[in-house]
Each structure stands twice: as C-alpha cells, then as structure tokens.
C-alpha cells in the first residue's frame, strides 16, 4: 500500500512539473519517419548542461544521441541511427529551464511508420535542344504597376521542353529565361530579395547574378514537396512534405478501404545549418474526415493538400489546406492550432460573403493586415474563380470580405492560381490551370476592379502555378543566361548580401575597392594576387555599391553589389 501511495505521489508530482511548450514528436503519435529527431521549444530557454535523455526503441533498442542548440529556446535531440519501421519508441528527458532553473521531466512514446511507400511524382527528363520561348499576346497594357513578371510555365499537353523559368517585360519580352523541363516550379523573388525555385527534391536559392548560393530540403527523412518555399529574413526556410501512410479507412468511415494509402502533410522550419527546428504534422491536428468533397472510400485519400505557408505578422504560421477548404493558424512556439478559418471546422463568421472560399491557393497576410487568397471556387453550382481580400477580427472571430475580383468572362480554374497585392494598390492575378487558351493567364486590376493589364499564352494548354510582379533592375545581360554566365571572369555571391560577399575570379586580383553611389571610397583591401576571397560588408549601410577589382594583368573589373 505504501509503495502504491509513493508511486501515485511521484506521478502527481511529475504531472505538476512545468513542461516545454512544444514537444515533437507529439506523445502517442503515429506515422513517424525512421529518421525522426526530437525537438523541444520553450521561451524560458533551456540549461544546456542539465539535459539528460534516454531513448529505447521496441526493436532497435537503445539509442545514443547528440544535442543541437540552434538558439536558447530550442533543443534538437538527434538519435545516432534511424529507428526501425513499425516500432514503438520510448523517450525519457529531464532537464531544467534556464529561467528560474525550473526542472522538467518528460516520459512518453511515439510510433514509426509501418512501411516505405513510393509516391514520387513522374517528371519529364527530356533534354532536347530547347525550343523558342513560348509565344504570348498582351491584350491589355494600360498603365499597370511598375515591375517585371516572374513565372514558370508548365505545358502538360504540349511539349515538355517548352517550360521556362522566366522574367518578362510587360510586352512579353524576356529579360531572363532558362529552359527547365523537370524543375522550376514556384520560381519567384523572395521577400529577402533572393530568387528561388523547386529543383525536383529541394529548393535552390539564387542571387541577383543568377548564381545558385544555397539549397533547402526537408529533414527527418521527408521528401520536399514543390508547393511552397518561404525563405525568411533570418536565413531559415519553411517547407512542406506530403506524407503517405497505410491507414485502415474502414475504421474511419463506412465502406472505407482497409488497405488505403492516406496522404497527410508535414510542415517544417529549417535553420541556416539545415536543422529541423520546428515540425508540424496534419496527423496530430486534423481528422481525416475534416476534408470536404473527397471520396473517403478510395484507394488513395489525399485529405490535406497543403499549398501555401505564410509567416504571420506575429511570428506564427498560416497554412492553406486546400482539401479542407481551410486556413489554419499555427502557434510557432507550441505547435498548437490557434484558429481555423473555412471548412467544416470554421471558427469565424463570414461577413459580406455568402459562399466563403473553396480549394483556395496562395494565402497571404498583406501590409494592411488583411488576408488575400485565390479562391478557385470548386464544388459550387456555378464554379468561378476569384481573387479575394478578407479583413479578420481575431478577437470577435469575423472574416469580412472587403474586396474581390471575378473576371468578366467568369474564368474558372480547377487548380493552381495566385494573387499578389502590389504596392500601388493594384492586384496581380495568375488564373492557374486554364484549358482555354483564349482566356488570359495573367490579369492586373486596380482596386476599383478596372483591368489594366492582361497576357495570354498563344500555345494551347500552357498554365502557371504562381506568377508575381516585382521591381527588378538586374545589372547583368541575362538573355541566354547560360552562355553569358560562362563568359564572366568574376562571380560575386550572394548578391544582395547581408554580411560576407564571396568573390571568385578567373584572374588574379591585387586590389579590391568599394565605392558608394556618391562615388566615395568606403573600403579598400590589398590582396596578394588572389583569385578567391571574401569581402566583409557588415560595417556598410544597406544600399547599392560599386565593387572595383584591380587585376594583376592591369585589367579593372567593376561589379554592382547590394548590401541588404
């Protein structure tokens, strides 16, 4: 009896201890990759000298581990080897928070996935000589916003070789193009002024000289999906993975397939060192039956289909779950759901909008605090697609439709599409997957819904996942970029840069100087006939500079560089 009372007292004491705000994997959760790592997060910080861990797996037995501390509020516990599939993993962790030295202790289990499922998407690998750039027609060009248009065109029913990463002028003239048959989706200019695109398994990051300077991929054993990549100002990235698992759907819905494959979603934050410092899974927060208008009895059930991530103004994360007709706000510190907008679990009252949104794309928090999105408009009596802007009251839980645009031709795109609010108040719309080549691919409208720009593809069945308009004044001659870059005697990257600028020259350099836009010398460095060196930019103010290199041969090379 005394032993029972002591055990009960110990369990109660343990349960009353403060716990980390975020624990991953979630206790008791399923479907984890064998490469899974354990993550703890808490604003109180952790005492790095007090952490103790024991990991015992059902089949692979004891696991040693190493600790990573990306910042004061995060611990990554990396097991020394992968776990086996279909095993229970038991974890015991003790330590103390840095603040007040308050102790904590965790003891829980999670379960790895049952089997590896091959769900790779098939892409063309044809490498024939690229054809001409896709032909376009500009039907309206009436004083649109400044900037050039960034996109990657697909051509499912045309040649797979006329797919291009492109930056074009308003008249359709390309200022940069690169033929890419099996990669390039999501080509864009990130908020931190670097370009990025999907590379058939990871995302590549380019500077303004079109030099690839970095890459990001999902960790913990997950394959990187192409739908979203957000490259943040702190050098971190937000990425998706679609996670397929065998699920007995007969235990979920009547008539469900006991051998179904169910496709969930994994969202990760990757730091500069490529550590997974945050992971969120649909398995832990959504029910499969939260999805709308899908067949739960089919062999393959895709119940989430994430297609957009947005870092919110308060630092938390907005997620677009297309198959749920929902935007989910996620607490970045705890992983908990803050609210759900749309779908069967909607927590908001829609105002001035009787239909809401369905199968949406490209959710964004814009400068005025509102949210824009592309409402594909599926599963309605009269399907039509629209650009929409909602004003959210997150205290009173209302979503007020304050602006929308539906094309006069009632354009409907079953999938894809994007919406961008421009700095002058106009809205740039990419209509997505259109089956009618007479309809515009891109439309720009003023805030009072006047069409000021439209472009269409002349070739049948070209379509675009996302398109954006950005200010872009690149110093390089970029037409035929492959041959142009091959002739460059000096490469500088990353450009723009925050701290260190790498210089790689084919000729020896004796002297390096940096001048401001006013012509004033701001930095000089003497070199000993070096070809590869680093220029430190930390002490310079953000802005545009001229890099002047004095070569051993007597040649002087100038490069425009940007400190951001």
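Read-outs: derived from the displayed coordinates by stated rules, not from any lab. Predicted, not measured: the structure shown is a model, and the values here were computed from it. Positions of Cβ are generated from backbone atoms using ideal geometry, with glycine treated the same way; all protein chains shown enter the neighbour counts.
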Worksheet, complete the sentence: Dividing the helical contributions, -39500 (n - 2.57) per DSSP H run of n ≥ 4, by the residues of the chain yields a 222 nm value, nearest 500 deg cm²/dmol, of -1000 deg cm²/dmol
Worksheet item: What is the Cα convex hull volume of the range 215-267 when expressed per residue in Å³?
Response: 97 Å³
Discussion item. Semi-axes of the equivalent ellipsoid for the chain, please: Cα gyration tensor eigenvalues, times 5, square-rooted, ordered largest first, whole Å.
Written reply: 42, 34, 23
Response to the item:
Once both label points are put 7 Å beyond Cα along the C-beta direction, the residue 449-residue 90 separation in nm becomes 6.4 nm
Fill in: Gain upon complete extension [residue 339, residue 69; 0.36 nm per residue less C-alpha separation]
94.2 nm
Worksheet item: Tell me, Kirkwood radius of the range 388-461 from alpha-carbon pair distances, in Å?
Response: 13.6 Å
Worksheet item: Mean separation of Cα pairs under 8 Å and 6+ residues apart, divided by the residue count of the chain: what relative contact order is that in percent?
Response: 10 percent
Worksheet item: Working from the pairwise distances between different alpha carbons, so that the mean of 1/r is found and then inverted, what is the range 136-470's Kirkwood radius in Å?
Response: 20.5 Å
Worksheet item: Say R0 is 56 Å: what FRET efficiency, to the nearest 0.05, do residue 351 and residue 80 get from their beta-carbon distance?
Response: 0.55
Worksheet, complete the sentence: Quick calc: nm separation of the 7 Å Cα→Cβ label points for residue 520 and residue 109 -> 6.9 nm
Practice prompt. Would you give the gap between the C-alpha center of the range 222-263 and the C-alpha center of the range 25-102, rounded to a whole Å?
Written response: 23 Å
Worksheet item: Counting alpha carbon pairs within less than 8 Å and at least 6 residues apart, what relative contact order, in whole percent, applies to the range 334-483?
Response: 15 percent
Worksheet, complete the sentence: Nearest-0.05 FRET efficiency for residue 489 and residue 253 at R0 = 51 Å, using Cβ-Cβ distance, is 0.20
Discussion item. Going 7 Å from the Cα of residue 379 along its beta-carbon direction, which residues of the range 393-415 have the amide nitrogen within less than 19 Å of the resulting point?
Written reply: 412-415
Fill in: Backbone N within the range 377-415 under 11 Å of label point (7 Å from residue 368 Cα along the Cβ vector)
389-391, 402-404
Worksheet item: What is the list of residues in the range 415-446 whose amide nitrogen lies under 20 Å from a point 7 angstrom out from the Cα of residue 295, following Cα to Cβ?
Response: 415
Worksheet item: If one computes the Cα centroid of the range 277-328 and of the range 534-564, what distance in Å separates the two points?
Response: 46 Å
Response to the item:
Here the gain from full extension of residue 35 to residue 98, 0.36 nm per residue of separation minus their alpha-carbon distance, amounts to 19.8 nm
Discussion item. Two decimals, Cα atoms only, Kirkwood Rh: what is Rg/Rh over the range 490-563?
Written reply: 0.93
Worksheet item: Gain in length, residue 19 to residue 529, computed as 0.36 nm per residue apart minus the alpha-carbon separation, to one decimal in nm?
Response: 177.8 nm
Worksheet item: What ranking, highest mean first, results for peptides 31-39, 551-559, 142-150, 309-317 when packing means the other Cβ atoms within 10 Å averaged over each residue?
Response: 31-39, 142-150, 309-317, 551-559
Item to complete: Would you mind telling me the antiparallel percentage of the DSSP bridges in the chain, rounded to 5?
Response: 95 percent
Worksheet entry | Bridge type composition, the range 490-563 - antiparallel percent by DSSP, nearest 5 | 95 percent
Worksheet item: Taking R0 as 60 Å, what's the FRET efficiency between residue 461 and residue 513 from their Cβ-Cβ distance, rounded to 0.05?
Response: 0.70
